[in-house]
Amino acid sequence: MGLKFSKASDFAQVFVKVLLYGLSGVGKTWAAASAGADPARVLVALCEAQGRLQVAQSNPQATVVEINSWGDWLELQKLMGMKHSGCSGEGCDDCRDTGLEMRARFDLLVVDGYTDLQRYSKLLVETASDRPRNNQSLREGVLGMDDWQVVGNMMLRQFSGLRDVPIHVVATCIGEEQQDGDVLRARPYLQGQAKATVGQFHSLVACLRTRADDQGNVERYAILDSPNRSVIAKGNIRLNAIEPVNVADWISKVLGQIPPQVDAPSAPEPQDNQDQDNGQGSNDEGQQAQEGAAS
Ligand SMILES: [Zn+2]
């Protein structure tokens, strides 16, 4: 026991955990599978066979493992050395030294996606023998409130395992969107506690969307910060509130491998730069501290 003090700059490596969510067809699988700095060191846990095409197109060098049940997921979890139910982490006899081989082969684990894992956990809960008695009489496929809480809690345990595993993670999730006058409301489609706390388990949470430009070309973009909190999002001081969908670029910026964009030579007018500097004045200290930590 005893507290462990260390210089932030001495951290051997920091791992980024990204959640991409959005409506079906917005390009989540594509964006996630192409998020690796080295495309050959990406492992895609594919929970939905339909994603095969997008993975093959966006990153043909990726290794794909198909996850067709909760049991498959638990097996992968073990191979990756993720924390399991009842794991004490460091010094746990059940998982000591597991995951080393897998994590030596990959830099990035893609989980595509939470929606399917949630579906697998729902199947498990439906058939669980310790389910509350009243819920047994519900029609097949229908869960009671407390059943959904169990599903939410199962997902929370996965988030926590993914947060703690020493590898970059990019996960996808179907999103729910609603246009409320001028306000867009969007959030990942998750149950119970998992929905409210998803941001605590991820370094970045991005809502992916598309828009058409004047020529009718479809442009993909990501919302990483929502000042009025109407869109569930979690950004980073090195990223803009709206970013192009280039997750590999986000990760390297967050890790400090690319200078912040304020210094980019393409910045148009000197005056613009000054405005930005003024606007960010109050953040200077935080930014410097972060840069120190990342370099
Ligand atoms: Zn363990």
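The values are calculated or read from the model by the stated rules, or taken from the named source; none is laboratory data. This is a predicted model, so every value here is computed, not measured. Because the Cβ atoms are built from the backbone with ideal geometry, glycine has one as well, and the counts that use them run over all protein chains shown.
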Boolean, Asn153 is farther than 24 Å from Phe201 by Cβ and among the polar types (S, T, N, Q) = no
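Listed here are the residues, each with its yes/no results for (1) polar (S, T, N, Q); (2) within 16 Å of the ligand (Cβ to nearest atom).
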site: Gln77; (1), (2): yes, yes
site: Lys83; (1), (2): no, yes
site: Ser88; (1), (2): yes, yes
site: Thr98; (1), (2): yes, yes
site: Asp116; (1), (2): no, no
site: Ser137; (1), (2): yes, no
site: Val150; (1), (2): no, no
remark   = Within segment 40-53, the residues that are part of a helix (DSSP H, G or I), within 18 Å of the chain's Cα centre (by Cα) and modelled with pLDDT of 95 or more are Arg41
request  = With a cut-off of at least 3 residues that are under 19 Å from Leu19 (Cα atoms) and touching a residue at least 12 places away in the same chain (Cβ under 8 Å), name the helices (runs of 4 or more DSSP H) lying wholly within segment 90-207.
outcome  = 114-126, 145-164, 192-197
task = Output the residue which, of all residues in segment 100-114 that are within 16 Å of the ligand (Cβ to nearest atom) and aliphatic (A, V, I, L, M), is surrounded by the fewest Cβ atoms within 10 Å (Cβ to Cβ).
result = Leu100
request  = For segment 54-71, state whether one or more residues are surrounded by 15 or more Cβ atoms within 10 Å (Cβ to Cβ), within 15 Å of the ligand (Cβ to nearest atom) and closer than 24 Å to Ala248 by Cβ.
outcome  = no
ask   = Looking at (1) under 17 Å from Ser203 (Cα atoms); (2) outside the structural domain of Leu79 (by TED's automatic domain parsing), can you tell me which one Lys7 breaks?
value = (1)
ask   = How do the pairs read when you match residues in segment 73-89 that are among the β-branched types (Val, Ile, Thr) with residues anywhere that are part of a helix (DSSP H, G or I) and more than 9 Å from the ligand (Cβ to nearest atom), using Cβ under 7 Å and keeping only pairs 6 or more apart or on different chains?
value = none
message = Within segment 244-258, does at least one residue satisfy the condition of being within 19 Å of Glu176 (Cα to Cα), in a strand (DSSP E or B) and touching a residue at least 12 places away in the same chain (Cβ under 8 Å)?
response = no
inquiry  = When you check Gly81 against the structure, is it within 26 Å of Gly36 (Cβ to Cβ) and small (Gly, Ala, Ser), yes or no?
reply    = yes
